[in-house]
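What follows is a short report on a single structure.
Read-outs throughout are calculated quantities, based only on the coordinates presented, and are distinct from any laboratory measurement. Treat the numbers as computed from the prediction; the structure is a model and nothing was measured. Here Cβ is always computed from backbone atoms with ideal geometry, including for glycine, and neighbour counts include all displayed protein chains.
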Amino acid sequence: MAQRKVTLKVGDRFQQAWTGCKEPMRFMVLAIDREGNRLRVACHSPRGYGWEETWDDLDVTENAFSIGEYKMMKL
């Protein structure tokens, strides 16, 4: 079953979803730069640690939802 394309927006929350991930990392989109193909995310570990990162692969991140690497979280 094909999933629809995910287009991330500021405030979206998602987590790792690949098979075997027992304690998934969680992420929240803080900023998006479509022209530069970047996004800023807040990262949250299952152990309570948090930090921010800039990812230079917005298109790859959005495509990762269709292969089951990430899944959106309900608020």
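Contact annotation: residue pairs with Cβ atoms under 8 Å, 6 or more positions apart or on different chains, pairing a residue in segment 44-67 that is free of Cβ contacts under 8 Å to residues at least 12 places away in the same chain with a partner that is in a strand (DSSP E or B) and surrounded by 12 or more Cβ atoms within 10 Å (Cβ to Cβ), are G50/A42; G50/C43; G50/H44; W51/A42; W51/C43; A64/Y70.
Applying a threshold of 7 Å to beta carbon distances and a minimum spacing of six or more residues, or different chains, the list of pairs starting in segment 20-31 at a residue that is closer than 13 Å to K71 by Cα and ending at one that is aromatic (F, W, Y) reads F27/F14.
Tell me, yes or no, whether segment 59-73 has at least one residue that is in contact with a helix residue (DSSP H, G or I) (Cβ under 8 Å, 6 or more places away or on another chain) and either assigned to a strand (DSSP E or B) or loosely packed, with under 11 Cβ neighbours inside 10 Å (or both). Yes, some residue in segment 59-73 is in contact with a helix residue (DSSP H, G or I) (Cβ under 8 Å, 6 or more places away or on another chain) and either assigned to a strand (DSSP E or B) or loosely packed, with under 11 Cβ neighbours inside 10 Å (or both).
Among the residues making up segment 20-58, those that are exposed (fewer than 12 other Cβ atoms within 10 Å of the Cβ) and of a type outside the set (D, E, K, R) are G20, A31, G36, G48, Y49, G50, W51. Being touching a Lys or Arg at 6+ places or on another chain (Cβ under 6 Å) and small (G, A, S) is the requirement here; does A17 meet it? Here the answer is yes, as A17 does meet what is asked. Please determine whether any residue of segment 25-32 is in contact with a Cys (Cβ under 9 Å, 6 or more places away or on another chain), charged (D, E, K, R) and more than 14 Å from N63 (Cα to Cα). Yes - at least one qualifying residue is present in segment 25-32. For K5, indicate whether it is touching a helix residue (DSSP H, G or I) at 6+ places or on another chain (Cβ under 9 Å) and surrounded by fewer than 15 Cβ atoms within 10 Å (Cβ to Cβ). Yes: the conditions hold for K5.
A count restricted to segment 39-70 and to residues that are touching a strand residue (DSSP E or B) at 6+ places or on another chain (Cβ under 6 Å) and farther than 15 Å from T7 by Cβ stands at 12.
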